[in-house]
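Shown next, in structure tokens, is the structure this report addresses.
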Amino acid sequence: MVGTVIGTTHKKTKKRRILTRAFIIFVGALLVSVGLEIFLVPNNIIDGGVTGLSIMLSHLTGLKLGLFLFLLNLPFLIIGYKQIGKTFAISTLFGVAVMSVGTFLLLPVPSLTHDLLLSAVFGGIIVGIGVGLVIRAGGSLDGTEIVAILLTKKSPFSVGEVVMFFNIFILGSAGFIFGWDRAMYSLIAYYIAYKMIDLTMVGLEQSRSVYIISDSPDEIGDALGARLGRGITYLSGEGGYSGEDKKVIFCVITRLEEAKLKSIVEEIDPSAFLAIGHIHDVSGGRFKKKNIH
């Protein structure tokens with residue numbers, strides 16, 4: 001009986017997780033179609049990757065943008081299914097389908113502005129947020145990312161470098177089709193979208209991992225717990241030069257708490273060694289902040 005209840009609960013949790021992921025991908029893909037059809041495409045400003053290539057082909061042939069978005073991404077979806085995984089491929093297929101249909105439905109809607117700078121800025125923001133949501137939910141909206149992931153397995157280049165190479169070629173091609181002023185505005189839109197993707201994935205309160213080596217570890221640890229409300233962990237270390245045992249403090253904070261932490265550490269031990277790194281995601285444990293007064 002207990003096993004049946006646990007199994008039922010597990011199925012409900014899994015179903016809820018799938019529905020949540022699908023909703024996030026739906027919203028993200030819809031935002032991308034809004035950014036494209038309401039801001040970028042009417043002003044001949046393109047995005048990077050397969051999306052940018054689709055915009056140029058749609059302009060040259062007169063065929064609907066959504067058709068190219070779906071057809072050009074399809075081969076990459078098949079590759080992604082075989083090489084990366086079923087869940088990723090299904091999530092990506094759903095996102096691409098929503099984006100393609102969204103561009104069809106929004107085609108009659110007039111552009112909100114014909115100012116090129118405003119179109120590049122706001123189009124880039126909306127597209128970036130949308131793509132970031134889809135990636136965060138475990139999918140993708142651009143086949144070049146799939147190719148980049150596969151190429152990095154057999155080359156010394158990173159995913160970002162491969163994507164950048166594709167986009168330099170695509171954005172450069174836009175200059176011959178739409179004119180070089182549009183290509184430069186496209187570069188602005190792409191840069192803004194890139195930054196918004198990062199911001200959406202990491203969040204405004206992006207996390208930091210902190211390592212502190214001090215001669216007063218207990219005092220600093222107590223102060224961080226009392227004044228920041230963060231849990232800390234003590235790690236055992238050994239000085240590489242001195243050979244002395246060291247008590248290393250480890251904790252995770254948000255970006256907004258970084259300055260406060262530095263102030264606390266410097267106040268107690270100005271000579272303490274402090275190393276701070278970026279973390280893209282935190283789950284489990286006791287990361288939730290305790291109430292402090």
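The values are calculated or read from the model by the stated rules, or taken from the named source; none is laboratory data. Just so you know, these numbers come straight off a predicted model, no measurement behind them. With ideal geometry, Cβ positions are generated from the backbone for all residues, glycine too; neighbour counts draw on all protein chains shown. Heads up: the accessible areas ignore ligands, DNA and RNA and are worked out on the full protein's heavy atoms, side chains in. Shrake-Rupley method; radii C 1.70, N 1.55, O 1.52, S 1.80 Å.
Remarks
- Test: residue in segment 205-213 that is open to solvent by less than 90 Å² (accessible area, probe 1.4 Å), within 30 Å of P42 (Cα to Cα) and modelled with pLDDT of 80 or more: no
- Looking only at segment 228-250, residues that are touching a helix residue (DSSP H, G or I) at 6+ places or on another chain (Cβ under 6 Å) and either farther than 18 Å from S207 by Cα or at pLDDT 90 or above (or both) come to 2 in all.
- Evaluation of L60 against (1) surrounded by 17 or more Cβ atoms within 10 Å (Cβ to Cβ); (2) part of a helix (DSSP H, G or I) (one fails), failing number: (1)
- Qualifying residue in segment 191-199 (condition: exposed (fewer than 14 other Cβ atoms within 10 Å of the Cβ) and at pLDDT 90 or above): no
- F273 meets the conditions (1) aromatic (F, W, Y); (2) loosely packed, with under 15 Cβ neighbours inside 10 Å; (3) at pLDDT below 90 in every case but one. The failed one is (3).
- Scan of segment 77-100 for residues that are open to solvent by 50 Å² or more (accessible area, probe 1.4 Å), more than 17 Å from L133 (Cβ to Cβ) and assigned to a helix (DSSP H, G or I), ordered by number: I78, I79, Y81, K82, Q83, K86
- Restricting segment 34-57 to residues that are open to solvent by 10 Å² or more (accessible area, probe 1.4 Å) and assigned to a loop (DSSP other than H, G, I, E, B), the residue that is farthest from V131 (Cα to Cα) is N44.
- Taking (1) at pLDDT below 90; (2) surrounded by 12 or more Cβ atoms within 10 Å (Cβ to Cβ) in turn, S283 satisfies each apart from (2).
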